[in-house]
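Here is the structure we will look at, set down as structure tokens.
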Amino acid sequence: MKTNFKKKSGNTLRVIPLGGLNEIGKNMTILEYNDEMLIIDCGISFPDDEMYGIDIVLPDFSYLKKNAAKIRGIVITHGHEDHIGAIPYFLKNFDVPIYGTRLPLGLVNNKLKEHGLKGKLNVIKAGDTIKLGNFKVEAIRTTHSIADAICLSIETPVGVVFHTGDFKIDYTPLDGEPIDFHRLAEIGNKGVLLLMADSTNATRPGFTASERTVGRALENIFRDSKSRIIIATFSSNVHRVQRIIDNAVKFDRKVAISGRSMVNVANLSMELGYLKVPAGTLVDINKIKGIPDKNLVIITTGSQGEPMSALSRMAAAEHKAVQIKKGDMVILSSSPIPGNEKTVSNVVNRLYEKGAEVIYSDIADIHVSGHACEEELKLFHVLLKPKYFVPVHGEYRHLRAHAALAENLRMDSKDIFILKNGNVLEMTPNSAKVTNEEIPSSPVLVDGLGVGDVGNIVLRDRKLLSESGLIIVVAAIDRASGEVASGPDIISRGFVYVRENEDLIEEARAVVAKALDKCMRENVKEWNTMKSAVRDALRNFIYEKTKRSPVILPIFMEV
Ligand SMILES: [Zn+2]
Ligand SMILES: [Zn+2]
């Protein structure tokens, strides 16, 4: 890493994205002004195909650790995992108050309980303004695919930073609270220094449809079907779940809920009043046996084909309570997140094989996105009239498209910054520039209980193991003479099936024996040198014979 000896210039606002740029996930942004820091969101991302065995991915907190005393608080825009998922890991390192609306904080609270943690959670409402040091944060109602989402208008000593959070413009949201456009216009009139806006759908023309259109499509399915209906959706999409329950009630069906996160979020949402379920509607998933197919709907997790989710288990015939049978109607009410298409189509195929009818986004209007398309983004730009613009929440192509959109609205390209995670945008009331600092922002990998202990080297090994398997060479060696007392033996996993390749294994043994012999003749007694000799000889032999490169692990025992 570069060391930067230049003194930070005082009285500037530093905007530092730790995550969320060139990726959809682990959103986290720092606003830093002299001795104070405000954090917006604290999310996780999910591992990509190359991250073998990794459960989740966190932002890098190391810059924050160095500046822990400066942090005034975290403000949460809404309750999706890519905005709140890293909070438990954050709170293991920092004692910092968290601000957000009721639903996201309820979800955070559940997570903290699972981790055995307590946090200083402060509920705010849309319309509230809170003061955190030099930052005055106003929460503004917005619409998204989860209830209780807000935009943030943050007054800083150098000007207003407006962060949209995730949003789409829904004029007819199910909870009846559209975006406060009057307030956006007022804020725009007073002057916005920097706009940071959601870019997820910046490559899509037009408008995102209202959540209500999904309601209509669902209603048609419920009206026409006499089958058992199984619907997979995001557990956090409380509005969608409400729509399903409304239709169930209307068409005389009981509702069973499957999947841990679906059960958790449904319970929390009912408790907080976001989800309204008439008494007698819900049935335990383990007690659905006697209910006629036409009177049952099962709401489940797994709309992204997640391997351990309830829907995947149903598709694999591994679900305890639900066996997919001929005639079942399965609905995947979400679009695959980029990268998940393959796992989703696997699940769809297996459901078809079991005789189910499957409806997914390719063939019906059963999902709408939670993110703004071009025309909606334009409205935000026009209302807020920012001096500077940073597109956020998107892969590079999304950020690029959003920047082009702003240019089309007559913004000067020098006032638009496509940042990378770890960049520092330094701002005064009439200037903005990217410094040459690089704040650490590499993905921090979580595997089981280990946080950050799996790095590039471990990942490389896992990749090699997954591609070509493992060969272990075991030998007992007399330390004093360097003589092989027993072995060498060869054990392999995931390389070739030993019983059908006895000749190859036998030859490999001979190669190892020869390498050890040579070490003894040359009086090499240092074990690491001997191990390298064995590894090199065996690697060359195996590659020549099979064109494969398994991981080779020599283990010597002293006798
Ligand atoms: Zn998001
Ligand atoms: Zn979101």
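All of the numbers you see were taken from the coordinates with simple rules; none came from a lab. None of the values given here were measured: they were computed from a predicted structure. Methodologically, a virtual Cβ is constructed for each residue, glycine included, from the backbone with ideal geometry; neighbour enumeration extends over all protein chains shown.
For Glu376, work out the one condition from (1) loosely packed, with under 14 Cβ neighbours inside 10 Å; (2) within 16 Å of ligand 1 (Cβ to nearest atom) it doesn't fulfil. Exception for Glu376: condition (1).
For (1) surrounded by 22 or more Cβ atoms within 10 Å (Cβ to Cβ); (2) closer than 27 Å to Gln242 by Cα, each residue gets a yes or a no:
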{"residue": "His319", "(1), (2)": "no, yes"}
{"residue": "Ser333", "(1), (2)": "yes, yes"}
{"residue": "Ser345", "(1), (2)": "no, yes"}
{"residue": "Gly355", "(1), (2)": "no, no"}
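Taking region 438-461 as the range and being aliphatic (A, V, I, L, M) and not in a loop (DSSP other than H, G, I, E, B) as the test, the residues that pass are Val444, Leu445, Val446, Val451, Ile457, Val458, Leu459.
Thr164 passes every criterion in (1) within 22 Å of Tyr33 (Cβ to Cβ); (2) away from ligand 2 (no atom under 16 Å from the Cβ) apart from (2).
Helices (runs of 4 or more DSSP H) fully within region 163-282 that include at least 1 residues being under 30 Å from Lys433 (Cβ atoms) and either more than 16 Å from ligand 1 (Cβ to nearest atom) or in contact with a Cys (Cβ under 9 Å, 6 or more places away or on another chain) (or both): 181-190.
Summed over region 80-102, residues that are within 15 Å of ligand 1 (Cβ to nearest atom) and among the aliphatic types (A, V, I, L, M) total 3.
Inspect all residues belonging to region 373-394 and state whether any of them is closer than 30 Å to Ser227 by Cβ, part of a loop (DSSP other than H, G, I, E, B), touching a Lys or Arg at 6+ places or on another chain (Cβ under 7 Å) and within 16 Å of ligand 2 (Cβ to nearest atom). Please lay out each step first, then the result.
So the first thing to find is which residues in region 373-394 are closer than 30 Å to Ser227 by Cβ, and the list is none.
Checking region 373-394: not a single residue is closer than 30 Å to Ser227 by Cβ, part of a loop (DSSP other than H, G, I, E, B), touching a Lys or Arg at 6+ places or on another chain (Cβ under 7 Å) and within 16 Å of ligand 2 (Cβ to nearest atom).
Scanning region 512-555 for residues that are surrounded by fewer than 18 Cβ atoms within 10 Å (Cβ to Cβ) and more than 47 Å from the chain's Cα centre (by Cα) yields Ala513, Lys514, Asp517, Lys518, Met520, Arg521, Glu522, Asn523, Val524, Lys525. Residues in region 468-483 that are out of contact with any strand residue (DSSP E or B) (no Cβ under 7 Å at 6 or more places or on another chain) and outside any loop (DSSP other than H, G, I, E, B): Ser468 only.
Which of the helices (runs of 4 or more DSSP H) found entirely inside region 60-120 contain at least 3 residues meeting this: within 16 Å of Ile44 (Cα to Cα)? It would help to see each step written out before you state the result.
Values: elements: 62-66, 81-84, 87-91, 102-114.
By residue number, 81-84, 87-91, 102-114.
Yes/no matrix, rows are residues, columns are (1) buried (at least 19 other Cβ atoms within 10 Å of the Cβ); (2) away from ligand 1 (no atom under 16 Å from the Cβ); (3) within 24 Å of Gly370 (Cα to Cα); (4) small (Gly, Ala, Ser):
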site: Val123; (1), (2), (3), (4): no, yes, yes, no
site: Ala126; (1), (2), (3), (4): no, yes, yes, yes
site: Thr129; (1), (2), (3), (4): no, yes, no, no
site: Lys136; (1), (2), (3), (4): no, yes, no, no
site: His144; (1), (2), (3), (4): yes, no, yes, no
site: Asp148; (1), (2), (3), (4): yes, no, yes, no
site: Cys151; (1), (2), (3), (4): yes, no, yes, no
